[in-house]
Amino acid sequence: MNQQERIRVLIAKPGLDGHERGARVVAYGLRDLGFEVIYTGLRQTTAQIVQAAIQEDVDVIGLSILSGAHLTLTENVIKGLKENQAEDILVIAGGIIPEEDKPAMQQMGVHAVFTAGSSIEEIADFIKSTKGESADD
Amino acid sequence: MARTDSWENLVKGVINGDVRLMARLITVVENRQPGWQEAMKRLYPESGSATVIGITGSPGAGKSSLTASIALKLAEKNLKVGIIAVDPSSPFSGGAILGDRLRMQKLFTCEQIFIRSMATRGMLGGLCHAARDSARILDVFGKEIIIIETVGVGQDEVDIVKTADQVMVVCVPGQGDSVQAIKAGIMEIADLFVVNKADKPGADEVVADIQSMLELSVEADQSIPSVIKTSVVNNQGIDELVEQLLQARQKGFLSREKESLRIRAEMKTLLEEEIFRTVSRVWQDNEILEQLVMEIRERKNDPYSAVQAMMQVYKSDKN
Amino acid sequence: MTNDKIRRIQQQQQSWQENTLDKRVEKYQLPESPTRFYTPLDIKDHDFSKKVGFPGEYPYTSGNNPFDFWKAFADGAAKSDYRPDWGGAGGVGKYGGFGTAEDYRDYLIRMHGMGRRGGPNMAFDLATQCGFDSDSLYAEGEVGRVGVAIDSFRDFATIYEPYTGDLEIDKVPSNFTINAPAAIIIAMYATLAEKRGIALHLLRGTPQNDILKEFIARGTYIFPPGPSLRLFRDTCVFCTRHLPNLNINSMGGYHIREAGATQVQDLAFSMANAAAYLQAGIDGGLEVDQFAPRFTFNAFGGSMEFYKEIALQRAARRIYARMLKEEFGAQHPKSMMIRQPITAHIGCSSTTLQRPLNNLARSVIGGMAAGMSGGMPGAYPPYDEPLGLGHSQEAVQLQIDATRVMIYEAKIADVNDPWAGSYFMESLTDETEEQVLAELNKIDSMGGAVAAIENGYMQQTIARSAYERQKRVERQQDFVVGVNCFTGDKEMSIDINRQVEATYDPELMKTAETRQKQKLETLRRERDGKTVVSLLSTLKSHAKDPDRNLMPDFCDCVKNNVTLQEICDVLRDLFGEYQQVK
């Protein structure tokens, strides 16, 4: 990798859920592990998230949802990415996501789900290894 | 994540108005990835019609919100706007949190406005190029007004706004001597001063401070930059500010002389960047470096000769 | 204490350190002792009467009452199989709400049929909480999800259809967990009473109405802090004058703590917010003792640090009482009390997804802290809190039983403030108080809570604290059992069985948004559009006058089927919308 290259991550909070702790902690953590994190703040529509991801040319979108609306919102983000030929952007999710919803999330194209107790290093390692893998394709 | 688009493809995308490819080219150029120079060479002749506005000021001056208000007003006038928002990289990890979008949420529904966040990345002059090159890409893409917004605390950031056609400095009341806080070198190149958050007490004092400072520093033959009071919350002064910016755009900003100076400056910084990159390459070569360090430690060599030797490598590298 | 005694203890301490402590530390080759021992030296100037006092008397350190009301009924409750979550006619029922008003109403009717009575304890969906109607772009996927959707007075009235007769609204209280549009919901409540011919002063209940903490945590704000506080002032004055039996708010450190605040930040920020609300009431022309007794709190706290959480409760009561008395000149005892349903607790963020049954052990520790700090020893939350939204019946049963074990078998609450006089606890309480006051001073010097929110201080501070905590856990400086330690092959996972009560038919959920939007369309068609327009324009002109109380306007609006968002939009135009800080 070129010395100047940085992995760019969009941390987004879709919907009206205002629980920001996880999103902010992950943003700080990834910054301290050398990532460039674009944080969009609360109350993003899924269309806005897709638009931001494209304009910012991010490698990864991290969605943080604690309102129970994760299935609808995530599906809409992924649909939006496909419509914009941007399905190469890695999508990961975090927040309160019940175990039984994880398969559905994965099926719709979420690469990983990180819930309470995950470490930031885990998240960072996942991003690095997944990005590395697909770059070799 | 196969990012295999050739620079030719990306350039084509920019010219055809493809947002995704354009955003990618910005990444390639920012990262100085293979093909970036070719792409910029190809785009340069097409550029030059957009107006670049540099906005700087101390942290907490409300630059992002102000930028958002200006962009919205411009978009209402059917102008196509691009925003490059710069935040500092962490000196420790090299990472960054780019949070300017947070203050620009109103713009997200606006199709004509493109926002790109950028980190300073701590490269010598690197950001300056990335921002200027990105502005150029946005220019060719069809943006008519490009706003580069940055915290005016580092030299890098001062350099960026210097590349703008119109430089706007934002101050606020209640930050102590906010005029003093403005980085040296900015005051002299500012075309416009904005006293933001004018709904707060003390705005008039800041205006007076700036004016008295300007009277001291501006040379006799120059026109004195105007000072405008704004308040994003009350939507005060934004119209006037946008009017000023547009008037200046119509007049055209730069004399031929000034433009030549700027081209010289750009060439100089590009050259510096080239040299720096080459030196870095040599620096990263651990074998040679290790060898030299060992020799110096053993007093068989000295740092002065070693550096001269490295310059030899650099020169041969160039050939 | 006499100088003689002090000197003797000092000598004893020195010799203990040299002959006993240091030797042991040396034996285990530690840099310092891993424990601490407290002596009378730690509270040399302790003045019991001034700092602790008797339960139910200033400064309330040892508790608001000689005993809480539930203690009076405790034996009776045990003999009569009383179930707190079923709600009695005197209190509110279980916190809930989902789907459309009709869905929620039908649920309440079902509950009443099962004998679960008590007033509505309403959760609102996020669109309602943020001032959007169900057909707004922002309501995408949110309608009826985390609470019931209220677009207009019609929805509100629908929920109350089963509340007649012995459940009439002058007989049961209502809770509204709502903040930014609290004024509008209170207006709906008052309008409902008026339509039913019930005197307003008979209405009881609690709106959360704590907008300032929404900027710091939770994020369901609408307007900037300044205008938000003005709306609070309007509710405060209106309630004091017309609904004197309704609590005005339920302020909290709980949400702030969950968002990452440390103990000290939790309490200091809540106190700063409380001071802003008190000032708002006074600015509205009220005397502090007219309205401060109607302020309530919803539990500071939220960590596993047993001792510190007890000290926090003691310090909180003392700080609040002193602030009210000394700074606001209150004289009424109720003005000076922190009235809250529970005291200490571990907070939801202390629960772990890993080996979730451990959360039961955790919640019992929180319950012990509560019982030892002036509250009911309640185990909270149910162990399956982190597993997803909705608690299972098993988890709730265990939670309630754990509470009962603490009350009836362990007799935790038989002594008031059992830690009073402890060298350690008194010194820890003093230390907590000192740190909180220092933080409060800092906020004061910025210009108070509103200023410290506008400049982002509170938000940034807690975000940093949350990150610090995360780093401590990741570096194993703080230990969380089953998460960052004791996770190896030797451990065993315990299977759990969860029956989550089907409170809401998933099929209904699927259609809730559509049905709610249809209702809204019908409402817009049926109502008198001219009146709506004219009421909104009157609202706008009245809102321009910052001294004017807008509650009468809100009442007129809701009575005439102006929607929640329509009212909010007028104010958005005028007040602007809050923009987050970086």
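Express the accessible area of chain A per residue in Å², computed with a 1.4 Å probe while the remaining protein chains stay in the model.
Here the residues of chain A average 34 Å² of exposed surface.
Using a probe of 1.4 angstrom, how much of the accessible area of the protein assembly as shown is carbon and sulfur, in percent? Present the calculation step by step, with values, prior to reporting the outcome.
Working: 23260 of 45360 Å².
The C+S portion of the solvent-accessible surface of the protein assembly as shown is 51 percent.
First check a/c for the range B:1-46, with a ≥ b ≥ c the square roots of the eigenvalues of its C-alpha gyration tensor; if it is under 1.5, answer rounded, and if not, answer prolate when a/b is larger than b/c or oblate otherwise.
On the way: a/c = 1.74, a/b = 1.12, b/c = 1.55.
Oblate, since a/c reaches 1.5 and b/c is not below a/b.
What total accessible surface area, summed over both chains, is buried at the interface between chains C and A, computed with a 1.4 Å probe and given in Å² to the nearest 100?
Working: alone 26930 and 7760 Å², together 31850 Å².
What C and A bury together is about 2800 Å².
Determine which aspartates and glutamates satisfy two conditions relative to C:Lys582: a Cα distance under 14 Å, and not lying fewer than 8 residues away in the same chain.
Straight-line reach from C:Lys582, under 14 Å: A:Glu20, B:Asp87, B:Asp100, C:Glu454.
Calculate, for B:Val282 and C:Tyr423, the FRET efficiency according to 1/(1 + (r/R0)^6) with r their C-beta to C-beta distance and R0 60 Å; round to the nearest 0.05. Mind showing how you got there, number by number?
Details: r = 66 Å, r/R0 = 1.10.
It comes out at approximately 0.35.
Past the 21 Å Cα-Cα mark, which pairs from A:Lys82/B:Lys41; C:Lys94/C:Lys517; C:Lys71/C:Lys213; B:Lys200/C:Lys544; C:Lys79/C:Lys171?
A:Lys82/B:Lys41; C:Lys94/C:Lys517; C:Lys71/C:Lys213; C:Lys79/C:Lys171
Which whole-number percent is the relative contact order of chain C (Cα, under 8 Å, 6+ apart)?
Normalised by residue count, the contact order of chain C is 16 percent.
Is there a quick way to get the dipole size of the protein assembly as shown? I mean about its Cα centre, with the Cβ of Lys and Arg at +1 and of Asp and Glu at -1; what is the value in debye to the nearest 20?
Here the size comes out at about 940 debye.
I'd like to check one number: the per residue accessible area of the range B:1-46, probe 1.4 Å, reported in Å² as a whole number.
47 Å²
What average number of partner chain Cβ atoms lie no more than 10 Å from the Cβ of the residues making up A:23-35?
6
Take C:Lys530 and A:Ser129, extend 7 Å from each Cα along the Cα→Cβ direction, and tell me the distance between the two endpoints in nm.
7.1 nm
In percent, what relative contact order does chain B have, based on Cα pairs under 8 Å that are 6 or more apart in sequence?
It rounds to 17 percent for chain B.
Please enumerate, by chain and number, the aspartates and glutamates with C-alpha under 13 Å from the C-alpha of B:Lys73, excluding those fewer than 8 residues away in the same chain.
B:Asp239, B:Glu240, B:Glu243
With runs of 4+ DSSP H residues as the only contributors, calculate the mean residue ellipticity of chain C at 222 nm using -39,500 (n - 2.57) per run, divided by the residue total and rounded to the nearest 500.
Roughly -14500 deg cm²/dmol at 222 nm, from the helical runs in chain C.
At 1.4 Å probe size, with every protein chain present, just tell me what the per residue accessible area of chain C comes to in Å².
Accessible area per residue: 43 Å².
If one computes the Cα centroid of the range A:7-72 and of the range C:20-48, what distance in Å separates the two points?
47 Å
Give the peptides A:36-44, C:155-163 in descending order of average Cβ contacts within 10 Å, highest first. Don't jump to the answer; show the numbers that get you there.
Values: A:36-44: 25.7, C:155-163: 20.3.
In descending order of packing, they fall as A:36-44, C:155-163.
As a test of understanding, state the convex hull volume per residue of the protein assembly as shown from its alpha carbons, in Å³.
Taking only Cα atoms, the protein assembly as shown has a hull volume of 226 Å³ per residue.
Would you please put C:563-573, C:331-341, B:271-281, B:235-245 in order of how densely packed they are, using the mean number of other Cβ atoms within 10 angstrom per residue and starting with the highest?
Most protected by this proxy first, the peptides run C:563-573, C:331-341, B:235-245, B:271-281.
For chain A, what does -39500 (n - 2.57) per DSSP helix run (n ≥ 4), summed and divided by total residues, give at 222 nm, in deg cm²/dmol to the nearest 500? All intermediate terms of the calculation are to be shown ahead of the outcome.
Details: 5 runs with 59 residues, N = 137.
It lands at -13500 deg cm²/dmol.
With a 1.4 Å probe on protein heavy atoms only, tell me which residues of the range C:373-394 lose at least 20 Å² of accessible surface in the complex relative to the chain by itself.
The answer is C:Leu387, C:Gly388, C:Leu389 - residues whose exposure falls by at least 20 Å² when every protein chain is included.
Using a 10 Å cut-off around each Cβ of peptide A:71-81, what is the average number of partner chain Cβ atoms that fall inside?
Across A:71-81, the average partner-chain Cβ count within 10 Å equals 1.
What is the packing order of peptides C:34-44, A:95-105, taking the mean over residues of other C-beta atoms within 10 Å and listing the highest first? Walk me through the numbers on the way to the answer.
Numbers: C:34-44: 12.8, A:95-105: 16.3.
Highest mean packing first, the order is A:95-105, C:34-44.
A 24 angstrom limit on the alpha carbon distance is what I want to check against. Which of B:Lys77/B:Lys106; C:Lys510/C:Lys559; B:Lys63/B:Lys106 exceed it?
The pairs that break the limit, which is 24 Å between Cα atoms, are C:Lys510/C:Lys559.
What does the average come to when, for each residue of peptide C:214-224, you count the partner chain Cβ atoms lying within 10 Å of its Cβ?
Mean partner-chain Cβ count within 10 Å for C:214-224: 3.
Pulled fully out, how much extra length does the chain show between C:Phe37 and C:Glu161, if you take 0.36 nm times their separation in residues and subtract their Cα-Cα distance? Show your work: numbers first, answer last.
On the way: separation 124, 0.36 × 124 = 44.64 nm, distance 6.04 nm.
Here the answer is 38.6 nm.
Between C:Asp547 and C:Glu501, with labels modelled 7 Å along Cα→Cβ, what's the label distance in nm to one decimal, could you check?
5.1 nm
Could you sort the residues of the range C:543-582 by number and keep only those whose accessible area is reduced by 40 Å² or more in the all-protein-chain setting relative to the chain alone, 1.4 Å probe?
By number: C:Gln579, C:Gln580, C:Lys582.
Under a cut-off of 20 Å between alpha-carbon atoms, report the lysines in cross-link reach of C:Lys50, not counting same-chain residues fewer than 8 places apart.
C:Lys325, C:Lys334
Compute for chains B and A the buried accessible surface, both sides summed, probe 1.4 Å, and express it in Å² to the nearest 100.
3300 Å²
The values are calculated or read from the model by the stated rules, or taken from the named source; none is laboratory data. Given the structure is predicted, the values throughout are model-derived calculations rather than measurements. Glycine also receives a Cβ, built like all others from the backbone with ideal geometry; neighbour counts cover every protein chain displayed. Remember, those area values only see protein heavy atoms, side chains included, never the ligands or the DNA or RNA. Shrake-Rupley method; radii C 1.70, N 1.55, O 1.52, S 1.80 Å.
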